Structure formats: structure tokens, C-alpha cells
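*Asks:* I'd like to ask you about the structure that follows.
The values are calculated or read from the model by the stated rules, or taken from the named source; none is laboratory data. The model shown is predicted, which means the values in this text are computed figures rather than measured ones. Methodologically, a virtual Cβ is constructed for each residue, glycine included, from the backbone with ideal geometry; neighbour enumeration extends over all protein chains shown.
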Amino acid sequence: MKRRDFFYYLSFILTNPKIVLPDLTLPNLSLDEVSKRKKTILLNPGHNKDVYKQGYGCFIEGIGYEYVLNTQIARKTQKILESAGLEAIVTRDENKYIPKIEDYKNLNKQALLRKVKDYREQKGNKNHKMPVNEALIQLSILKWADINDVDIILNLHINDVIKKYRRKTFGFAVIISDKHPSFKQNQALAQSIYDSLDVVFEPSNNKGESALIKKGKVREYVPGFVINDFLMLGNDMYHPQVLSVLVECGYISQKYGKQGLTIAHEQVQDQYALRISEGILEFLKSAAHH
């Protein structure tokens, strides 16, 4: 996809909205094509209110709180992945984290707190001001995933910008760490999710959300693809062996199609859940054949 400036994006989405609603046809993939061992996907919706406080994570009048919307998309994604034969675990509901995560955190709390404390005291760490409770839960999720044979961590968020830019900024973003132990494989997973989302949604038009990606013999900027360890919360404290991707499901104030739908509408959430799920399934199918 060629780089397009903002005005092209704006005219395109207003005159020829890319999103088609509602189309919930699953790809023709079976578990046999993926692997003999059932794969486990850990869905981690961002911005729990107990950690971030209720007002954090973007509240938009008429749309809602991000922490609620993230959970709704995670549940829809879970259902699709489970219908395809995968095990899908959501780390929390709208109020609290699941017992598996909480039990691990409480059982290992002192060791985890030492890790968090050491990290916060090190100079040069961009996330050193991360609240202790936030750091503790993110670290717990990463470590729990590593010791419990999780295959993929999928972090689900919705983007936002300061108020004066809200009507100008839109599009999904897929984010990975540049320091992941299996970077090439992790990038392939992210690319598969990106390609699936790109069928329906526009990638981010935020210049800060792009990456220089090698395609064949050339490198080109890909909008909505981000390679940045800092943005993968917790990864700079502990880099998991588990493949890990963060998806920003558009911007919370974004309008979709001629209907002017928002991320609060089920049709839009259904599409995000479907496209993300298909990207994961296509990646697993491809990986099983190599």
C-alpha cells in the first residue's frame, strides 16, 4: 500500500468507505491445518479501571470508556478463535483480572515487586514512571504466559490523541517490540494481523505510527505498523518468549463508513474481532507448513 497523505485518506473514507458491515464469514481453516497441539491465545484488553483508574484510557461522550470497549472486543475475538478450535483466554473482565493471573501475581508478589523496583530505579527506562500496580500486573501477565505454554499474547487497545486532533486522526495500528527474542516470527504474526485488518479498515494516518519495513529488495514506510519496545508495556521489564502483538483498534473518536458508526457499535467490534482472528489463524496455518 502506497503512503497517502491525510487529505487523500479523508476524501477516500468519506466517498468510498472501505469498511463493509456486517460480514462475519470465518476463513475456511481447521485446527488440523494449524497444529496437532491446541494453540493458546492470551487476549489482554488494555486499561483495567482498577489499575488505571476509571477515567484513564480515554472516555468519549456517547462512546464510553476504553477499558470497557477493549473487553468487549476481546470477548468477541475469543468466541471466534474458540469456534476455530483454539484455546482463547481473556485476562480480565470489566472489573478484575482472572484468578489465574491474580493467583500468580499474589504467589510471586515479592519477586515481582523487586523486579519492578529495580526497573523503576534504572536510568534511561522510558516507562520508569509507570505506576507500581500497572507494572506489577503487566509483568505478571508476561511471566504467567511464558510458563503456561501460551503461544500468542494479543494486547487489545483503542487509540486516542489530544482533543484538537480527534477529528483528523484515525486508523488501526499493529505494534511489536524491536527486542523480541523471536523478532522475525513475531513480525510475521503482526504482518498477518495487519494484512487482515487492512482488507476492511484504513491503517493509521498518524505519522508516528509507521515503520520502515523491508519488502523484497527495498524498504518502504508502512502506515499503521509500529516497531517500538517502549509501547509494548511490560516488555522493557521482561521480554517474553511468547509471541506478543498489540493492536490499536482505530481511534476511539473515529467514525466508520457512511453510517458514521463508532467503535462502540457491535458491527465495528465484530469486524475488528473477525479480522484479528483471521490474521492469527492465517499465521498459524502458515507456520505449521514451514
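*Asks:* Got at least one residue in the range 177-197 being under 26 Å from residue 133 (Cα atoms) and under 14 Å from the mean Cα position of the chain (by Cα)?
*Replies:* Yes: the range 177-197 contains one or more residues that are under 26 Å from residue 133 (Cα atoms) and under 14 Å from the mean Cα position of the chain (by Cα).
*Asks:* So how many residues does the range 193-224 have that are assigned to a loop (DSSP other than H, G, I, E, B) and touching a Lys or Arg at 6+ places or on another chain (Cβ under 9 Å)? Break it down into steps so the answer makes sense when it comes.
*Replies:* Step one: list which residues in the range 193-224 are assigned to a loop (DSSP other than H, G, I, E, B), which gives 199-202, 204-209, 216-217, 224.
Add one more test, that the residue is touching a Lys or Arg at 6+ places or on another chain (Cβ under 9 Å), and what stays is 199-202, 205.
The qualifying residues number 5.
*Asks:* Looking at 89, 73, 101 in this structure, which one is surrounded by 14 or more Cβ atoms within 10 Å (Cβ to Cβ), modelled with pLDDT of 95 or more and not in a helix (DSSP H, G or I)?
*Replies:* Working: 73 fails: not in a helix (DSSP H, G or I); 101 fails: not in a helix (DSSP H, G or I).
Being surrounded by 14 or more Cβ atoms within 10 Å (Cβ to Cβ), modelled with pLDDT of 95 or more and not in a helix (DSSP H, G or I) holds for just one of 89, 73, 101, which is 89.
*Asks:* How many residues, within the range 162-192, are of a type in the set (Phe, Trp, Tyr) and part of a loop (DSSP other than H, G, I, E, B)? Break it down stepwise before answering.
*Replies:* Pass one, the range 162-192, residues of a type in the set (Phe, Trp, Tyr): 165, 170, 172, 183.
Subset that is part of a loop (DSSP other than H, G, I, E, B): 170.
The total comes to 1.
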